[in-house]
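The values are calculated or read from the model by the stated rules, or taken from the named source; none is laboratory data. Given the structure is predicted, the values throughout are model-derived calculations rather than measurements. Backbone-built Cβ (ideal geometry, glycine too); neighbour counts: all protein chains shown.
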Amino acid sequence: MRTERIRIGHGVTLLPHSFNHPIRVAERVATLDILSKGRVEFGTGRSSGYEQAGFGVPVEESRAQWQEALGRGAACPASGGT
């Protein structure tokens, strides 16, 4: 027996470019969405100041980087990846 209604949680993905490239994130989410037949749930975040410093992300720029990455990644499936 296979599930048909259960949602698949991707969890929180950190989006400033130093953590995860937005195109790769979109690719992972799209793949999981295809495999689950449209049942994927996706979340994003910026992380803590300590982690941001460790990856060289200026804390004062992290919100703008997160917003930019989210916009780019969200546009990928709609535009066919171009």
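Identify the residue in the range 35-56 that is charged (D, E, K, R) and either at pLDDT below 85 or under 19 Å from residue 68 (Cβ atoms) (or both) and, among all such residues, is surrounded by the fewest Cβ atoms within 10 Å (Cβ to Cβ). Outline the logic, then answer.
Here is the first cut: in the range 35-56, the residues charged (D, E, K, R) are 37, 39, 41, 46, 51.
Now drop any that are not either at pLDDT below 85 or under 19 Å from residue 68 (Cβ atoms) (or both), which leaves 46, 51.
Values: 46: 20, 51: 15.
Ranking the candidates gives 51 first.
Restricting the first member to the range 56-72 and to residues that are closer than 13 Å to residue 14 by Cβ, and the second to residues that are of a type outside the set (A, V, I, L, M) and surrounded by fewer than 16 Cβ atoms within 10 Å (Cβ to Cβ), the beta-carbon pairs closer than 7 Å and six or more apart or on different chains are 65/17; 69/17. When residue 19 is tested against the conditions (1) outside any helix (DSSP H, G or I); (2) of a type outside the set (Ser, Thr, Tyr); (3) surrounded by 15 or more Cβ atoms within 10 Å (Cβ to Cβ); (4) modelled with pLDDT of 85 or more, the lone failure is (4). Between 63, 24, 28, 7, the distinction of being in contact with an Asp or Glu (Cβ under 8 Å, 6 or more places away or on another chain), of a type outside the set (S, T, N, Q) and at pLDDT 85 or above belongs to 7 only.
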